[in-house]
1. Given N residues in region 94-134, what is its alpha carbon radius of gyration divided by 2.2 N^0.38 Å?
2. Give the shape of region 3-53 as rounded, prolate or oblate, defined through the alpha-carbon gyration tensor: a ≥ b ≥ c are the square roots of its eigenvalues, a/c under 1.5 means rounded, and otherwise the shape is prolate if a/b is larger than b/c and oblate if not.
3. Quick check: pseudo-label points 7 Å beyond the Cα along Cα→Cβ at Trp4 and Glu21, how many nm apart are they?
4. Over region 188-245, give the accessible area per residue in Å² for a 1.4 Å probe, as an integer.
5. Report the local net charge at Ile101: Lys and Arg +1, Asp and Glu -1, summed over other residues whose C-beta lies under 14 Å from its C-beta.
6. Show me the three semi-axes of the equivalent ellipsoid for region 122-202, from the C-alpha gyration tensor (sqrt of 5 times each eigenvalue), largest first, rounded to whole Å.
7. When each pair of different Cα atoms in region 186-277 is counted once in the 1/r mean, what is the Kirkwood radius in angstroms, to one decimal?
8. Please work out how much accessible surface Arg18 shows to a 1.4 Å probe, ignoring ligands, DNA and RNA, in Å² rounded to 10.
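The values are calculated or read from the model by the stated rules, or taken from the named source; none is laboratory data. None of the values given here were measured: they were computed from a predicted structure. FYI the Cβ positions are ideal-geometry reconstructions off the backbone, even for glycines, and counts take in every protein chain you see. Calculation scope for accessible area: heavy atoms of the full protein, side chains included, ligands and nucleic acids excluded. Shrake-Rupley method; radii C 1.70, N 1.55, O 1.52, S 1.80 Å.
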Amino acid sequence: MQLWCTEKQTESLGLTARVKETLFTGTSEFQDVAIVDSFQFGRMLVLDGVFQTSIFDEFVYHEMIAHIPLYIHPNPKHVLVIGGGDGGTIREVVKHDSVEIAEMVEIDGMVVDACKKYLPEISAALNDNNPKVHLKIGDGIQHMKDAENKYDVIIVDCSDPIGPGEGLFTHDFYKDVFKALKSDGLFVQQTESPYYHQELIKRLHKDIQSLFPITNMYLANIPLYPGGLHCFTIGSKKHDPAAVDMSNRQKLVTRYHNAELQKSCFVLPNFVQELIK
Ligand code: SAM
């Protein structure tokens, strides 16, 4: 028998993968959690039926959400990841020698436990007792309310704006993020597809722009995600993505990110520029 798994990406479109094996299913307080092994993407984390990450292309998302902001900041020491339960983003964050503390606040312990067991390549930094990594199971929205002038870089590695992730796409949340950052801090958030989530992108860009002196968007090609092209939005208090000097920075072994891409990913097609005008 052939098994297929479909993510309903819009009201009228789905992405379907042929499944080799279902490795884990569970229902947490927050969502349905599944790990399936697929022919095309390898093992994948699926939350509430939405594909979150896959062995095949996870490097793109995790390198781009971590290294772009960490190179924009000249000396990131204290970094926070909100969400990111699979561990891929924190794995990239701890590669930076400047980072002394890498905190992660993920709401769902079941996601972390399942990824530690079934996606060890992605969750490695959560498994190996890395002294830089501080994991807290809790709500990132509340964590931001309680923090002030604390972080150099905040990375919002969230799921879609439904369920527990909904409040991570609001003006109130961005106000708390601003407060939680140091005076030269910056944050990045995954902000969905420029093809299928245009109203969301317009709204949140305006919200972030109303708070941060520098607001910018960059793109990466991610086959697993709707439309294949994915947006990331940056709000920065001081450091400008266009002013990054990579010549004296630590060189990392990466599969997607490189010094040229650090700048070129901010070059946006006209229809995306229109969204954030
Ligand atoms: N790369 C993924 C994507 O864009 O599809 C996101 C991956 S990561 C698995 C997203 C995580 O955010 C999930 O594990 C989810 O439990 C977590 N999350 C959602 N809402 C949250 C909140 N309010 N606080 C902390 N973590 C949250």
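1. Details: Rg = 10.8 Å, N = 41, 2.2 N^0.38 = 9.0 Å.
Against the empirical 2.2 N^0.38 Å value, I get 1.20 for region 94-134.
2. Details: a/c = 2.15, a/b = 1.07, b/c = 2.01.
Cα axes put region 3-53 in the oblate bin.
3. 2.3 nm
4. Details: 2110 Å² over 58 residues.
Result: 36 Å² of accessible area for each residue.
5. Working: positive: Lys77, Lys132, Lys136, Lys150, Lys182; negative: Asp97, Glu100, Glu103, Asp152.
Neighbourhood net charge equals +1.
6. Details: eigenvalues 106, 65, 31 Å².
In descending order, the three semi-axes are 23, 18, 12 Å.
7. Numbers: mean 1/r = 0.0712 Å⁻¹.
By the Kirkwood definition, the hydrodynamic radius is 14.0 Å.
8. Per-residue accessible area (Arg18): approximately 90 Å².
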